[in-house]
Structures are given as C-alpha cells and as structure tokens.
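Structure first, commentary second.
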Amino acid sequence: MREILEYCIGGSRRNVSPGDLVVHEGGRTGHLYVLIEGRLEVVKGDTVVATITEPGAVLGEMSVLLDTPHTATVRAASESVIYEIDDAASFLRAQPAVAILIARMLAQRLNVANTYLADIKRQYAGHGTHLEMVGDILQSMINLTPTQVSPGSDRQSDPRLES
C-alpha cells in the first residue's frame, strides 16, 4: 500500500502519540487516514484485533465507502505520523487510482475472510455446533445489497440470521 503515499504528498500530516485516538468506534469523520510511519492498533470493543505498521495503510475507508460510523477504534501504539484526508469522498473521486488500490485491499481482506470461513465450514460440517452456521453466513455475505450491511457480534446478532 506504499503506493498510496505518493497521492497524499502535500496533504495534512498529523503526529499522534501513544494512546491518541485516530478513529473512534461509532464516530463519523468522513476522513481517510494513511499511515506514514509508526504503529497503530485497531480495537473492536476492548479487543485489539490488528496492529498496523505498513506505511501507506489506509484507515477509515469502510466508514467512508459505506457512509456509516466507524466500525472500530484506531489508536496510536507508538509515536506515529499519518496523513489525514478531510473530504475523503471527494479525494477518492479525484484520485481513482487510490480508490482502485483501496478496492484491491478490501478484496484481499474479503478473500482471506471467505477462505477462513470456508475452512471453518469444512471442519465443522455435521458436528451439530453453532459453527455449522458458517455456511449461512457465507451465503448471506454473497447476497447482501449495499444498504443491508449489518454485521452481528456476540453482543448484537444480525437480525437477518434469526428465525
């Protein structure tokens, strides 16, 4: 994702200290953030789900593309420098190459998630456990229309999967 850095030169640079929040879960900014250097943590609820160290990593893209609140908190785990793109939607319209790079990144993430879920489905098929529902999850992911995105969690299930 380092390629994205070329498109951000001249943008608004921001220094963040350890513990500083870049994005707050549930908040809305309409901004994209691009890591220049440092280490950031992605936190869902109270669980760190990823650590980001790759220069050019993009944050906030799901919120911008889906026009929804941020789905996770991102905080600095070390002294870090980021680009902050205020009007992300306009930036992406003006920079289609960046939109394609983000689409590729999202496609890679989806491929990893689908591969993982397919593996779980294969391992637990016929075991009579809650993991058998992975097939239903995969099917619902394929048939979602853009306005229906509403992933569930242990705290709040997806109402479409309830009977």
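Read-outs: derived from the displayed coordinates by stated rules, not from any lab. This is a predicted model, so every value here is computed, not measured. Backbone-built Cβ (ideal geometry, glycine too); neighbour counts: all protein chains shown.
Here are the numbers:
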| quantity | calculated |
| --- | --- |
| Proximal charge balance of TYR83 [Cβ under 10 Å; K/R count +1, D/E count -1] | +1 |
| Charge sum, other residues only, whose C-beta stays under 15 Å from VAL48's C-beta, Lys/Arg counted +1 and Asp/Glu -1 | 0 |
| Over the range 23-108: Rg over Rh, Cα atoms, Kirkwood Rh | 0.94 |
| Summed residue charge, Cβ within 11 Å of HIS70's Cβ, Lys/Arg positive, Asp/Glu negative | 0 |
